[in-house]
Amino acid sequence: MALGGVLRTLPVLLALLGTLLPGPGEAQTFVSPSKAILPRGGSLQINCSSSCDQKATMGLETPLTKRLVAHGDNWIVYELNDVGMDSKPICFSNCNNNQSSVGASLTVYWYPDKVELAPLPSWQPVGEKLTLSCQVSGGAPRDYLSAVLLRGDEVLSRQQVDREPTKVMATLLVGRSDHRVNFSCRSELDLRTQGLGLLKNTSAPHQLQTFGFPEPNLTLSKAEVSEGTEVMVHCEAHPGAVVTLSGAPAEPLGWWAQFLLNASAEDNRRTFSCHATMKVDGQMLNKTQTRELRVLYGPRMDETDCPGNWTWEEGSQQTLRCQAWGNPSPQLNCSRKGDGVLLPIGNLSYITRNLTGTYICRAVSTRGEVTREVFIKVLYSDHQTSVVIILVTAMIVLVAMGIAAFLYNRQRKIKKYKLPKAQKVASMKLNTQATPP
């Protein structure tokens, strides 16, 4: 660039530099270190300084315990002792009645208080899954903390420790090579990015003992049968084991057991269990296998499932309950005799007098059908009928009163007519008696 160009841009550069540099009396405050990481309970010296052109008033704001170590015109050093938590102390300075400040960030690290692997089973079957569980309590900072589940020196799982406390888990399929292998849990506080290395804390190891005790073999002659079919239930284990079979009659225990079952509707979805026990190295080992029986049977419906008589009040809300059983599940509907109106089974409904009647409830499946009569009576009060009865009664009373009044008046007229006539006859008799012969 030509010298003339430089001279033309120099005023602009000086103006920009003036906006970036503090003006007279606008001194800056500095802190050292601005960031630090230290062990819990440790100590640290904080140096606060100022760019003031004369002696400045310096200080440090912090809730931590502090001690003045040294100071000069524009600097001061404090020692923070027994730092037990993350903190942000603030250095401040007063220069020419203007105050400025700057903060530091202190991070405290510490090992977890507890790293513990949950106890392992006394004996673990080969070929089955085992869940390892490790609890980690305490430790900071959490962003750098993880838990590792180990099989010997092999890492099975590494997980971030974020909650307090944290339980980390891992599942493995146990093989014969896992017999007498040590399992453990280790916390890792990785501060290598902070220049402090990888800090480890390992739990006490637990040794796993495995065994190859096979599972007992439980068989049903048929897993799905019709009602009334005989089913053979057989349980067999490795020779040397002792088995117990649910449902089998009591008999001397051996390495196999069986019994014959006449399947009924009550046996549908019945679970049978074959339990085998064997002693290995002085330890009693157990294994169990289960099987389920499915029994096919026709629909069932009784008074408990579908009551035969229902009496409700009109206007009430009722759920019409009628249920049928069977395997496979039957289809159910209830229709009224005569007009075939369907009853809304299982629904909450407002009861009306139109529901009154006798219904036939029919349950149908591929195994047959069953029917049941259901009578519904609805109680209601008919206001129009009551009014008619009252009016008819009133009319009868009025008519009766009219007839009674008519007869009464007629009787009075008759009496009025007969009385003068009787008086006249009596007078004539008296006159006749008074005339001499």
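The values are calculated or read from the model by the stated rules, or taken from the named source; none is laboratory data. Being a predicted model, the structure only gives us computed values, none of them experimental. Backbone-built Cβ (ideal geometry, glycine too); neighbour counts: all protein chains shown. Quick note on the areas: whole protein, heavy atoms, side chains included, nothing else; ligands and nucleic acids left out. Shrake-Rupley method; radii C 1.70, N 1.55, O 1.52, S 1.80 Å.
When L198, L145, L189, L208 are checked against the criterion of being open to solvent by 20 Å² or more (accessible area, probe 1.4 Å) and at pLDDT below 95, a single residue qualifies: L198. Whenever a residue of segment 356-369 is farther than 22 Å from L296 by Cβ, its partners that are open to solvent by 60 Å² or more (accessible area, probe 1.4 Å) and of a type outside the set (G, A, S), lying with C-beta atoms within less than 6 angstrom and at least six residues away or across chains, give the pairs T358/K337; T358/F375; I360/T371. Exactly one residue among A241, A257 is over 39 Å from the mean Cα position of the chain (by Cα), at pLDDT 90 or above, hydrophobic (A, V, I, L, M, F, W, C) and surrounded by 15 or more Cβ atoms within 10 Å (Cβ to Cβ), and that residue is A257. Being small (G, A, S) and open to solvent by 70 Å² or more (accessible area, probe 1.4 Å) is the requirement here; does S101 meet it? Yes, satisfied. If the condition is being under 30 Å from A223 (Cα atoms) and open to solvent by 40 Å² or more (accessible area, probe 1.4 Å), then segment 305-346 contributes Q323, W325, P328, S329, Q331, L332. Contact map, segment 241-269: first residue within 29 Å of G282 (Cβ to Cβ), second residue part of a loop (DSSP other than H, G, I, E, B) and not acidic (D, E), Cβ cut-off under 6 Å, separation 6 or more or different chains; pairs are A241/W255; V242/L253; V243/P216; V243/A237; W255/A237; A257/A248. What number of residues within segment 167-186 are part of a strand (DSSP E or B), in contact (Cβ under 8 Å) with a residue 40 or more places away in the chain, open to solvent by 10 Å² or more (accessible area, probe 1.4 Å) and of a type outside the set (D, E, K, R)? Residues in segment 167-186 being part of a strand (DSSP E or B), in contact (Cβ under 8 Å) with a residue 40 or more places away in the chain, open to solvent by 10 Å² or more (accessible area, probe 1.4 Å) and of a type outside the set (D, E, K, R): 4 in total.
Restricting G228, G139 to those that are exposed (fewer than 13 other Cβ atoms within 10 Å of the Cβ) and on the phi > 0 side of the Ramachandran plot reduces the list to G228. Which members of segment 339-369 meet the condition of being assigned to a loop (DSSP other than H, G, I, E, B), modelled with pLDDT under 90 and of a type in the set (G, A, S)? Matches in segment 339-369: G346 only.
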